[in-house]
Structures are given as C-alpha cells and as structure tokens.
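A.B. asks: One structure, pasted below without further comment.
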Amino acid sequence: MNLNSPLFDRIRIRPSCDEPQRETREPACERAGCAASGLYRAPKGRGREGQYWRFCLDHVREYNASYNYFAGMSDDAVAAYQKDAVVGHRPTWSMGVNGSKPSQGDAAARDWAYADPLGILRAEGLGETRRPSPEPKRPRFGALVTKALDILGLDETADPAAIKTQYKTLVKRFHPDAHGGDRSFEERLRDIIKAHDTLKAAGLC
C-alpha cells in the first residue's frame, strides 16, 4: 500500500499545516455608527418572519426592550391572531355543518345539536332526559335462609303455613319408616331438618 499516493491527498479531512488558514469574519453590528461585532440576532418583525438583524450585545438589548410584534395592530386584530395561534394559524371548520337542522321539538329536549337522520342516537336515549335507573332488587333474606328455602323447594314468597306444610310432607317422604327401614335417605332428611331449623331461627315459621 503506497501511503504517498495522490489519492490520499484528495480524501483528507483536515488541511495540512502548510495550507493557508481561512479567516472567519464575524458579522458587524447593523446599528448605524456601531463598529462592534454583530454576534446576536434579533427578529425583524411581523411579516418578515425568519429574517433577523445582527446586533452587538448592547444594541440587541436595546432593540429587544422596545420590540413589539403587534405594533400597529388593533385590539381586535391582536385577539384574532392569538385565537388563530391556538391551531397554528391553520384553517378550521365547524363540526357537524351539513345543512341539516334538528326540529324545534328535539332542540328543546337537549342543549346540544347533532345530525341523526337514522335515529341511532335517539334510540340510545341520547339527548333525552335521563331517568334514574331503578335500584337492583335485593333479596329479602340472607344466603343461609335462601339456601334453606331452596332445600325445601320453596321460594322467598312462602309464608309460615306453607313452610310447615312442606316440611311435614318432606319428612314423611324421606323418613326411613316410609321406606321399610331403608336408611339411604338419612342424609337428605338431615338436610331438610337443618333447613327447617334455619327458617325457624329466622322467624319464618
């Protein structure tokens, strides 16, 4: 590999020491009569965005102290500019502007307007006076009482007389004497008696 090849001279990224150094001139202050360097930028004003004056430190401070972007604009024009600045001065359109207007009866039922030609939102009850949803029906009794009634084959509407009648019927049906001494239904009979005791303790019979 020949390190003295002229190709290396073409791809140098740093100038050699014998090359003359280029002088970098600083911009001069643009204030009339000032010979200092203009190292600081100051905006030229409305309508000339992206353009800057070059001032020295003293003159850029003086310029910024008196700078007013809205100079010469009325209060209404300033307010309109600030409002447009919220959306980046891009054009906007009102939502829902399609020529259809709700009837007066619908407008009276709600305080906001929308176009619903298919009645989808109206079917969902939007825009109508909301009625309070009914509270969920709570069971009259606790879990133990409800389970006891279920064992006896009764519901929550059963009165004391119905509970006693059902209890006697089930005891006779599952008693070992009714099955010739067969004791295979004792577990069922024991659950019936326990359920009756639970209902009796709850004051239902």
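A.B. asks: For the condition modelled with pLDDT of 65 or more and either small (Gly, Ala, Ser) or in contact with a Phe, Trp or Tyr (Cβ under 6 Å, 6 or more places away or on another chain) (or both), what is the one hit in Gly119, Gly99, Gly127? Don't jump to the end; show me each part of the working.
C.D. replies: Values: Gly99 fails: modelled with pLDDT of 65 or more; Gly127 fails: modelled with pLDDT of 65 or more.
Of the residues listed, the single one that is modelled with pLDDT of 65 or more and either small (Gly, Ala, Ser) or in contact with a Phe, Trp or Tyr (Cβ under 6 Å, 6 or more places away or on another chain) (or both) is Gly119.
A.B. asks: If I ask for residues that are out of contact with any strand residue (DSSP E or B) (no Cβ under 7 Å at 6 or more places or on another chain) and not in a loop (DSSP other than H, G, I, E, B), which ones from the stretch 56-77 would you list?
C.D. replies: Matches in the stretch 56-77: Asp58, His59, Arg61, Glu62, Ala65, Ser66, Asp75, Asp76, Ala77.
A.B. asks: Suppose the filter is open to solvent by less than 60 Å² (accessible area, probe 1.4 Å), farther than 18 Å from Arg140 by Cα, within 55 Å of the chain's Cα centre (by Cα) and of a type outside the set (Asp, Glu); does Ile163 pass it? Let's see the steps before the verdict.
C.D. replies: Details: open to solvent by less than 60 Å² (accessible area, probe 1.4 Å): yes; farther than 18 Å from Arg140 by Cα: no; within 55 Å of the chain's Cα centre (by Cα): yes; of a type outside the set (Asp, Glu): yes.
No, not satisfied.
A.B. asks: Please count how many residues of the stretch 175-192 are assigned to a helix (DSSP H, G or I) and open to solvent by less than 80 Å² (accessible area, probe 1.4 Å).
C.D. replies: Let us first name the residues in the stretch 175-192 that are assigned to a helix (DSSP H, G or I), namely 176-179, 186-192.
So of that shortlist, the ones also open to solvent by less than 80 Å² (accessible area, probe 1.4 Å) come out as 176, 178-179, 186, 189, 191-192.
Final tally of qualifying residues: 7.
A.B. asks: Need the failing condition index for Ala108 against (1) hydrophobic (A, V, I, L, M, F, W, C); (2) modelled with pLDDT under 75; (3) not in a helix (DSSP H, G or I), just the number.
C.D. replies: Condition (3) is where Ala108 drops out.
A.B. asks: Of all residues being part of a loop (DSSP other than H, G, I, E, B) and touching a strand residue (DSSP E or B) at 6+ places or on another chain (Cβ under 8 Å) in the stretch 35-55, which is least open to solvent (accessible area, probe 1.4 Å)? Just the residue, please. Before the answer, list the steps.
C.D. replies: Filtering the stretch 35-55 for residues part of a loop (DSSP other than H, G, I, E, B) gives 35-36, 38-39, 44-51.
So of that shortlist, the ones also touching a strand residue (DSSP E or B) at 6+ places or on another chain (Cβ under 8 Å) come out as 35-36, 38-39, 44, 49, 51.
Numbers: Ala35: 104, Ala36: 44, Gly38: 0, Leu39: 93, Lys44: 55, Glu49: 113, Gln51: 84 Å².
Once the filter is applied, the top-ranked residue is Gly38.
A.B. asks: So the check is Cβ under 9 Å with 6+ separation or different chains; which pairs have a first residue in the stretch 60-71 that's within 14 Å of Lys44 (Cβ to Cβ) and a second one that's aliphatic (A, V, I, L, M) and open to solvent by 80 Å² or more (accessible area, probe 1.4 Å)?
C.D. replies: Val60/Leu39
A.B. asks: Using beta carbons and a limit of 6 Å, which pairs, at least six apart or on different chains, have the first residue in the stretch 146-159 and within 21 Å of Arg188 (Cα to Cα) and touching a residue at least 24 places away in the same chain (Cβ under 8 Å) and the second one open to solvent by 50 Å² or more (accessible area, probe 1.4 Å) and outside any loop (DSSP other than H, G, I, E, B)?
C.D. replies: Ile151/Asp191; Leu152/Gln166
A.B. asks: Here's a follow-up. Taking into account only those residues within the stretch 193-203 that are out of contact with any helix residue (DSSP H, G or I) (no Cβ under 6 Å at 6 or more places or on another chain) and of a type outside the set (Lys, Arg), which is surrounded by the most Cβ atoms within 10 Å (Cβ to Cβ)? Step through it out loud before you land on a result.
C.D. replies: Residues of the stretch 193-203 that are out of contact with any helix residue (DSSP H, G or I) (no Cβ under 6 Å at 6 or more places or on another chain), as a first pass: 193-194, 197, 200-201, 203.
Still in the running and of a type outside the set (Lys, Arg): 193, 197, 201, 203.
Working: Ile193: 14, Asp197: 12, Ala201: 12, Gly203: 8.
Here the answer is Ile193.
A.B. asks: Which pairs have Cβ atoms under 8 Å, sit 6 or more apart or on different chains, and link a residue in the stretch 33-56 that is more than 18 Å from Tyr69 (Cβ to Cβ) to one that is surrounded by 13 or more Cβ atoms within 10 Å (Cβ to Cβ) and hydroxyl-bearing (Ser, Thr, Tyr)?
C.D. replies: Arg54/Tyr40; Cys56/Ser37; Cys56/Tyr40
The values are calculated or read from the model by the stated rules, or taken from the named source; none is laboratory data. All of these numbers come straight from a predicted model, not from anything done at the bench. Every residue, glycine among them, receives a Cβ derived from its backbone with ideal geometry; neighbour counts consider all protein chains shown. Side chains are part of the model used for accessible areas, which takes the heavy atoms of the whole protein and leaves out ligands, DNA and RNA. Shrake-Rupley method; radii C 1.70, N 1.55, O 1.52, S 1.80 Å.
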